[in-house]
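**Student:** Questions regarding the structure given below will be posed in turn.
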Amino acid sequence: MKPKMTLQGVLAALTDPHRRGVVAELAAASVDAERTCSSFGLAVTKSTATHHFRVLHDSGLIQLTDYGNRKGVLLRRADIDRQFPGLLSLVVAETSR
């Protein structure tokens, strides 16, 4: 079941620069492809990275798929664009400065 996206939850998730960077990387990609959590190269401990991905998932911004020893990360682009038009463009523009 996909978590419900609320404006408060999405904005809270995007306040952290690491989480905003993950969303910006996914949004800037020309093709929506599933990536692994480790492919983002976050300069944080594994437990902190797990926390960041959980917050993004709980806010509804990403979909996480558990493969046992790794997790797949996919941006919920269509849902985000439908509920918050233009948000992803703003996040990409903000992080590219």
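**Student:** Scanning for something in contact with a Gly (Cβ under 9 Å, 6 or more places away or on another chain) and at pLDDT below 95, does the stretch 77-97 turn up at least one residue?
**Tutor:** The answer is yes; a qualifying residue exists.
**Student:** Only residues in the stretch 29-40 that are of a type outside the set (S, T, N, Q) count as the first member; pair them with residues that are in a loop (DSSP other than H, G, I, E, B), Cβ under 9 angstrom, at least 6 apart or cross-chain, and list the lot.
**Tutor:** ARG35/ALA29; CYS37/ARG70
**Student:** Would you say ASP58 is closer than 17 Å to LEU7 by Cα, more than 13 Å from the chain's Cα centre (by Cα) and part of a helix (DSSP H, G or I)? Break it down into steps so the answer makes sense when it comes.
**Tutor:** Working: closer than 17 Å to LEU7 by Cα: yes; more than 13 Å from the chain's Cα centre (by Cα): no; part of a helix (DSSP H, G or I): yes.
Judged against the criteria, ASP58 is not a match.
**Student:** Let me ask something else. For the stretch 86-97, state whether one or more residues are of a type outside the set (Phe, Trp, Tyr), assigned to a helix (DSSP H, G or I) and in contact with a Ser or Thr (Cβ under 9 Å, 6 or more places away or on another chain).
**Tutor:** Of the residues in the stretch 86-97, the ones of a type outside the set (Phe, Trp, Tyr) are 86-97.
This time we only want the ones that are assigned to a helix (DSSP H, G or I), so: 87-95.
Now narrow it down to the ones that are in contact with a Ser or Thr (Cβ under 9 Å, 6 or more places away or on another chain): none.
Looking for residues that are of a type outside the set (Phe, Trp, Tyr), assigned to a helix (DSSP H, G or I) and in contact with a Ser or Thr (Cβ under 9 Å, 6 or more places away or on another chain), one finds none in the stretch 86-97, hence no.
**Student:** Another question, if that's okay. Among the residues of the stretch 6-33, what is the count of those that are of a type outside the set (S, T, N, Q), part of a loop (DSSP other than H, G, I, E, B) and modelled with pLDDT of 95 or more? First the steps, then the outcome.
**Tutor:** If we filter the stretch 6-33 for residues that are of a type outside the set (S, T, N, Q), which is where we start, we get 7, 9-14, 16-29, 31-33.
From the residues that got through so far, the ones that are part of a loop (DSSP other than H, G, I, E, B) too are 14, 16, 29, 31-33.
Filter once more, so that each one left must be modelled with pLDDT of 95 or more: 14, 16.
Counting residues in the stretch 6-33 that are of a type outside the set (S, T, N, Q), part of a loop (DSSP other than H, G, I, E, B) and modelled with pLDDT of 95 or more gives 2.
**Student:** Okay, next question. Please indicate, with yes or no, whether at least one residue in the stretch 67-83 is more than 20 Å from VAL10 (Cβ to Cβ), hydroxyl-bearing (Ser, Thr, Tyr) and in contact with a strand residue (DSSP E or B) (Cβ under 6 Å, 6 or more places away or on another chain).
**Tutor:** no
**Student:** Return only the number of the condition from (1) surrounded by fewer than 16 Cβ atoms within 10 Å (Cβ to Cβ); (2) of a type in the set (A, V, I, L, M); (3) touching a residue at least 40 places away in the same chain (Cβ under 8 Å) that VAL22 does not satisfy.
**Tutor:** The failed condition is (1).
The values are calculated or read from the model by the stated rules, or taken from the named source; none is laboratory data. The model shown is predicted, which means the values in this text are computed figures rather than measured ones. Glycine gets a Cβ as well: all are built from the backbone with ideal geometry, and neighbour counts include every protein chain shown.
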